[in-house]
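What follows is a short report on a single structure.
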Amino acid sequence: MFISVFLAILTIIKSLLPKPPRDLTGDVVLVAGASSSLGESLAEEFAKNGCSVICVDNDSSSIKETESRLKRQYPTIKEVRQSQRKDESSRCKPTISAYECNLLDREEIRRTAQKVKEDVGRVDVLVTCVGNPNQDIFDTASRTLMSHFWTVLAFLPLMLYKERAHIVGVTPVASTTDAYHGSRAAIVSLMESLCQELSNHSSHLTFLAFSPIAECSTLKQSEEQVARNIVRAMKADQNSLSVSWISRILYQISCVIYNGITLLTQWIHSPGCDYPV
C-alpha cells in the first residue's frame, strides 16, 4: 500500500517536471535557405544529431555542394533513393537530399512542397532562414518576410497533425550596429501570430522565432553557435532561446530528478524487486 502511494506521488512529481532533451535521430528536417552560411551551419548541426536533412534553396550548385560535404563528414547519411522513399523501415536511417527552389516564388514553393511530400512523405522540423544581413528594410518587408510566410504555409499541411513538429523562423546573424535589425522583428512577429492562430488546431506544433545578434569574434562562429542553440531548443521542445543561466541550471536539475524517478520506478516494477506494489 505504501509503495503504491509512493509511486503515485512520484508519478505526479514527474508529470510536473520538464522532460529531458529528446533524441532527434530519425527526424526529417527541412532547411529553407540552406545555401546561406547560416543555412549550412543549421543543416550540418541537424545532420550531426542524426537527422535526415532536406536542403532547399535557389542556388542548385551550392546546395549540392552542401549535400556532398555532409555525406563526406557523416558517412551514415545516405542519399534518398526511389526505393527508400516513404518507406517506414528507412525512417530511422538518416538521409540527405537537395531541392532547387526559388524561395521568392510562391508557386514554386508550393510545387517543391508537393514534391517533398511525394518523395519523403513527412517533415518534422521546418527551418526558414531566408535573407542576408545586408538587406535593406524594403527587401526585408516585401520579399524576405513573404518568403518565410509562403514557405510555412506550403509545408504546414505536412506537419499540422503530427505528434510533434517544430517550425523555426530565423533571420541572418546581424551585427549590433545593423540599422535594419528592427525590421526583421516582423519575422518574429509572424511566427508568434501563426502560433496563436494554430494553437487550437495542434497542441504539438511548436513555433520558434529567433533574430540573432553576432556575439562571437567571427560571423561563422556566431552562426555555428546559433545553430547549436536552435538544435538544443528543439531537443527540449522550447519555444524561446532567451533562457537565463539560472533557468538552464534549474532545467538540468529537473532532468536529473526526472531521470532518477524514471530509474526508481523501473527498478520497483522490475521482476527482481521484492517490494509489493
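The numbers here are math on the coordinates, done by the rules we state, and not lab data. Just so you know, these numbers come straight off a predicted model, no measurement behind them. All Cβ positions, even for glycine, are placed from backbone atoms using ideal geometry, and neighbour counts span all protein chains on display.
Couple of notes before you dig in:
- By the rule of a C-alpha distance below 24 Å, with chain neighbours fewer than 8 residues away ignored, the lysines paired with LYS14 are LYS235.
- Residue-count net charge about LEU160 - beta-carbon cut-off 14 Å; Lys, Arg +1, Asp, Glu -1: +1
- Gain on full extension, evaluated as 0.36 nm per residue between LYS117 and ARG22 minus their Cα-Cα distance, stands at 31.7 nm.
- Around ARG69: net Lys/Arg minus Asp/Glu count, Cβ-Cβ under 12 Å: -1
- Cβ-derived FRET efficiency at R0 51 Å, ALA8 paired with SER60, nearest 0.05: 0.30
- Protection proxy ranking, peptides 162-168, 16-22, 43-49, average beta carbon neighbours within 10 Å, highest first: 43-49, 162-168, 16-22
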